[in-house]
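Trainee: To start, I am sharing the structure in question, which I have written as structure tokens.
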Amino acid sequence: MNNRLLIIGGLATLGLVLVIAYLVGFWAWIFLGVLALLLVVVAIWDVTQKKHAILRNFPVIGHARYLLESIRPEIQQYFIERNHDGRPFDRDTRSIVYSRSKGADDHKAFGTERDTGSIGYEYLLHSTAPVRPPERIPTVRIGGPDCLQPYDLSLMNISSMSFGSLSKNAVLAMNKGAGMGGFVHETGEGGLTKYHRGNGADLFWEIGSGYFGCRTLDGHFNPETFAEKATLPEVKGITIKLSQGAKPGLGGVLPGPKVTPEIAEAREVPVGVDCISPASHSAFTTPREMVRFIGQLRELSGGKPIGIKFCVGSRTDVLAMCKAIWEERIAPDYIIVDGSEGGTGAAPLEYSDHVGTPLTEGLMLVHNALVGTGLRHMIKIGAAGKVASGSDIVKRLIQGADFTMSARAMMMATGCIQAQKCHTNHCPVGVATQDPRLVRSLDVEDKSKRVHNYQKLTVREAVQIMASMGLDRPSQLNTRMLRRRVDHLNTRSYASIYHWLREDELLNEPPRGWAADWREADADHFGEHAPVDYLTEPDPQWRDELDVQTSAMSLGELRSSLRSGGQRVPTAAGAVRSAGGTDSAADRGGEGKAGGEGEPRSGGRPPERNADEKGEDGARPRRSGETGSTPMVSNEPRPEGRLGS
């Protein structure tokens, strides 16, 4: 039926075209002839190619499927999604960023579109007696007992995004915006570049496992180069990146074709060669070595704040860091917790969707671990991962953070439209690309003002929300002020949903839920290394009450044997013999032949296909082109999964 309609529709269209051509005249026939010839060529190509089954079965018209698929994200985003449906950021959130960056009205009429009765909905508690917002926007003092150059940090800053992932114009726009607004621009692990300097911005220099900008020729940490750059006046702090929220436990790779002379100069790597960030650091492998590395960087930088950034994995790892801090008497000045909902230029979908701890749980875990070990007063905590609005800032402060870092929202303030093409080098607005034609469209002066406006208005909104809650400074926030709907009838505050540790509780009397992890945590090991008892039990045996040999019995036979109290044992050939010692075809599970000869099993080997085509070594020869035009991938692991050496 469908084919008939297709044929009828095609003939009707053809007839209409011929009528129009007849009415138009000679040039219309020329145009139709050329068009028909092109369609014939395309049809022949479609029928003969082997890569796409749709095109072979439906030549020419099958291309409509790929055309519609290519514009599906735009159709979804602009015409189908509701204002609060989109991911990673919904339309309402993007509208807030765009409006504030332009200095335009960011109000909305007629009330919320969100379902306030849905489970998981969260809200902040306002005060019956709100206060006036403070005239001076609050900041956070970063600097522990060993820090010689403490720094006052804004409540919201630009999170790490490397030059190379971002275009030079995007880096310049963000950097100038940070300089105008007096907030920090974190460099990203791609290195401290010329685009980060000279614009009046304060910098947190991020150092990853590739040690870009302070590395030796073989990719290890170079203390001399680090000291030279870390003592620059615009560098206010150094962040050691352990992992990234969107792909924790995985490094990164910048393909060789994207390693331009500018990027190679910034990262101190060869031009045109794959630039790989290993999955782990080579400067340290244990918590103890990590805190010693922190101490080394603090000394080389002249006493500037040193922090670490990671996506929370094992709670044992976090507690092991706390033990190492106490044993070595060296503490980071700040810890940035990156949530698994954080962004990245490129990551395997399995990592983005299923690996790592979300920001809410990770943030509270780190906060509790520091409180329980008596370290919270000297270490500040930052929150990174989908922080875009004033309410996001207040929520993260309640959950344990002292300040926030934002990346994708800053990209949107710079012009990003969430096209999600960061990894293709085809960013349509010139933010996440190295294509000179696309980069040219991003005006640095205009976008820097937008970054400044967005950050200023968002922090102001966060301070206004706190004033509506009756507070004039962030330190007055507490966990009773954030509530979550836990079912259709009840809401509970964060104070009652989660268990919050008391000061020094882990040092004195670890609570039951933390005790096992606290015992296992070791300053000389990352990871949960304690053996699991049932996996290390020597000489495993069947339980006495199941003293029945069952290796060749089906579940039904086993159940029948246990029910009757009898016992049947397997023979050497795999047939089941009764206690009386006689075999039967039924006992052999139907595997006997007519002559009563049992056919032995293959021993678990997979069936061999085309055995006559084996080579001299017994292996089946590999044919080239067995999968048509699709290339065969190699057996090499992902380059970004390599460990630091």
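The values are calculated or read from the model by the stated rules, or taken from the named source; none is laboratory data. Note that the structure is predicted; figures quoted are calculated from it, not measured. As a convention, Cβ positions derive from the backbone with ideal geometry for all residues, glycine included, and neighbour counts pool all protein chains shown. The protein model used for the area step is the full one, side chains on, heavy atoms only, and it has no ligands, DNA or RNA in it. Shrake-Rupley method; radii C 1.70, N 1.55, O 1.52, S 1.80 Å.
Trainee: Anything in segment 65-104 that is under 19 Å from residue 454 (Cα atoms), touching a Ser or Thr at 6+ places or on another chain (Cβ under 9 Å) and of a type outside the set (D, E, K, R)? List them, or say none.
Mentor: Across segment 65-104, the qualifying residues are 93, 96, 97, 101.
Trainee: Looking at 177, 213, which is the one that is assigned to a loop (DSSP other than H, G, I, E, B), of a type in the set (Gly, Ala, Ser) and open to solvent by less than 20 Å² (accessible area, probe 1.4 Å)? Even if it seems obvious, please write down each step before you answer.
Mentor: Working: 177 fails: assigned to a loop (DSSP other than H, G, I, E, B).
After applying the criteria, what remains is 213.
Trainee: I need the helices (runs of 4 or more DSSP H) fully contained in segment 342-410, keeping only those with at least 2 residues that are open to solvent by 40 Å² or more (accessible area, probe 1.4 Å) and touching a strand residue (DSSP E or B) at 6+ places or on another chain (Cβ under 8 Å). Outline the logic, then answer.
Mentor: On the way: elements: 349-354, 359-372, 390-398.
By residue number, 390-398.
Trainee: I'd like the full set of residues that are farther than 18 Å from residue 94 by Cα, in a helix (DSSP H, G or I) and under 29 Å from the mean Cα position of the chain (by Cα), limited to segment 438-447.
Mentor: Let us first name the residues in segment 438-447 that are farther than 18 Å from residue 94 by Cα, namely 438-446.
From what's left, in a helix (DSSP H, G or I): 438-439, 444-446.
Of everything in segment 438-447, those that are farther than 18 Å from residue 94 by Cα, in a helix (DSSP H, G or I) and under 29 Å from the mean Cα position of the chain (by Cα) turn out to be 438, 439, 444.
Trainee: Next question, about the same structure. Name the pairs whose Cβ atoms lie under 8 Å apart, with the first residue in segment 90-111 and over 25 Å from residue 74 (Cα atoms) and in contact (Cβ under 8 Å) with a residue 12 or more places away in the chain, the second part of a helix (DSSP H, G or I) and of a type in the set (A, V, I, L, M, F, W, C), and 6 or more positions between them or separate chains?
Mentor: Hits for this filter: 103/457.
Trainee: Just to be sure, is residue 246 under 25 Å from residue 421 (Cβ atoms), modelled with pLDDT of 95 or more and either open to solvent by less than 10 Å² (accessible area, probe 1.4 Å) or touching a strand residue (DSSP E or B) at 6+ places or on another chain (Cβ under 6 Å) (or both)?
Mentor: On the way: under 25 Å from residue 421 (Cβ atoms): yes; modelled with pLDDT of 95 or more: no; either open to solvent by less than 10 Å² (accessible area, probe 1.4 Å) or touching a strand residue (DSSP E or B) at 6+ places or on another chain (Cβ under 6 Å) (or both): yes.
It is false that residue 246 is under 25 Å from residue 421 (Cβ atoms), modelled with pLDDT of 95 or more and either open to solvent by less than 10 Å² (accessible area, probe 1.4 Å) or touching a strand residue (DSSP E or B) at 6+ places or on another chain (Cβ under 6 Å) (or both).
Trainee: Another question, then. Given (1) open to solvent by 20 Å² or more (accessible area, probe 1.4 Å); (2) touching a Leu at 6+ places or on another chain (Cβ under 6 Å), where does residue 312 come up short, assuming only one miss?
Mentor: Looking at each condition in turn, residue 312 falls short on (1).
Trainee: Which of the numbered conditions does residue 141 fail, given that it passes all the others? Conditions: (1) surrounded by 12 or more Cβ atoms within 10 Å (Cβ to Cβ); (2) assigned to a helix (DSSP H, G or I).
Mentor: Looking at each condition in turn, residue 141 falls short on (2).
Trainee: Look at segment 152-174 and say how many of its residues are open to solvent by 30 Å² or more (accessible area, probe 1.4 Å), part of a strand (DSSP E or B) and touching a residue at least 40 places away in the same chain (Cβ under 8 Å).
Mentor: If we filter segment 152-174 for residues that are open to solvent by 30 Å² or more (accessible area, probe 1.4 Å), which is where we start, we get 152, 165, 168, 172.
Add one more test, that the residue is part of a strand (DSSP E or B), and what stays is 152.
Remaining after also requiring touching a residue at least 40 places away in the same chain (Cβ under 8 Å): none.
Of the residues in that region, 0 qualify.
Trainee: While we're looking at this one, here's another question. Assuming residue 206 fulfils every condition listed in (1) acidic (Asp, Glu); (2) touching a residue at least 12 places away in the same chain (Cβ under 8 Å); (3) assigned to a helix (DSSP H, G or I) apart from one, which condition is it?
Mentor: Condition (3) is where residue 206 drops out.
Trainee: Suppose the filter is more than 30 Å from residue 426 (Cα to Cα) and either small (Gly, Ala, Ser) or part of a helix (DSSP H, G or I) (or both); does residue 461 pass it?
Mentor: Numbers: more than 30 Å from residue 426 (Cα to Cα): yes; either small (Gly, Ala, Ser) or part of a helix (DSSP H, G or I) (or both): yes.
So residue 461 fits the description; yes.
Trainee: What number of residues in segment 245-293 are in contact with a Phe, Trp or Tyr (Cβ under 9 Å, 6 or more places away or on another chain) and in a helix (DSSP H, G or I)?
Mentor: Total meeting the criteria: 9.
Trainee: Of all residues in segment 82-119 being of a type in the set (D, E, K, R) and assigned to a helix (DSSP H, G or I), which is nearest to residue 343 (Cα to Cα)? Steps first, please.
Mentor: Taking segment 82-119 and keeping what is of a type in the set (D, E, K, R), we get 82, 85, 87, 90-92, 94, 100, 102, 105-106, 108, 113-115.
Narrowing the set further to residues that are assigned to a helix (DSSP H, G or I) leaves 91-92, 94, 100, 102.
On the way: 91: 17, 92: 18, 94: 15, 100: 21, 102: 23 Å.
The extreme case among them is 94.
Trainee: Oh, and also: For segment 504-523, give me the residue count where each residue is open to solvent by 60 Å² or more (accessible area, probe 1.4 Å) and within 32 Å of the chain's Cα centre (by Cα). Explain how you work it out, then say what you get.
Mentor: From segment 504-523, those open to solvent by 60 Å² or more (accessible area, probe 1.4 Å) are 507-509, 512, 519; that's our starting set.
Remaining after also requiring within 32 Å of the chain's Cα centre (by Cα): 512, 519.
Selection size over segment 504-523: 2.
Trainee: Looking at segment 301-323, which of its residues are among the charged types (D, E, K, R) and closer than 14 Å to residue 334 by Cα?
Mentor: 304, 309
Trainee: Any chance you could count how many residues in segment 475-496 are open to solvent by 50 Å² or more (accessible area, probe 1.4 Å) and β-branched (Val, Ile, Thr)?
Mentor: Qualifying residue count for the region: 1.
Trainee: Can you say whether residue 453 is open to solvent by 40 Å² or more (accessible area, probe 1.4 Å) and either β-branched (Val, Ile, Thr) or modelled with pLDDT of 95 or more (or both), as far as the supplied structure shows?
Mentor: On the way: open to solvent by 40 Å² or more (accessible area, probe 1.4 Å): yes; either β-branched (Val, Ile, Thr) or modelled with pLDDT of 95 or more (or both): yes.
In short, yes.
Trainee: Pairs needed: first member in segment 1-24, modelled with pLDDT of 70 or more; second member anywhere, open to solvent by 90 Å² or more (accessible area, probe 1.4 Å); C-beta distance under 6 Å; at least 6 residues apart or different chains.
Mentor: Short answer, once both residue conditions are applied: 21/29.
Trainee: Can you find even one residue in segment 414-426 that is at pLDDT 95 or above and in contact with a helix residue (DSSP H, G or I) (Cβ under 9 Å, 6 or more places away or on another chain)?
Mentor: Within segment 414-426, the subset at pLDDT 95 or above is 414.
Checking which are in contact with a helix residue (DSSP H, G or I) (Cβ under 9 Å, 6 or more places away or on another chain) leaves us with 414.
Scanning segment 414-426 turns up at least one residue that is at pLDDT 95 or above and in contact with a helix residue (DSSP H, G or I) (Cβ under 9 Å, 6 or more places away or on another chain).
Trainee: Please go through segment 41-87 and pick out each residue that is basic (Lys, Arg) and either in contact with a Cys (Cβ under 9 Å, 6 or more places away or on another chain) or modelled with pLDDT of 85 or more (or both). Explain how you work it out, then say what you get.
Mentor: Initial filter on segment 41-87 (basic (Lys, Arg)): 50-51, 56, 65, 72, 82, 87.
Correct list: 50, 51, 56, 65.
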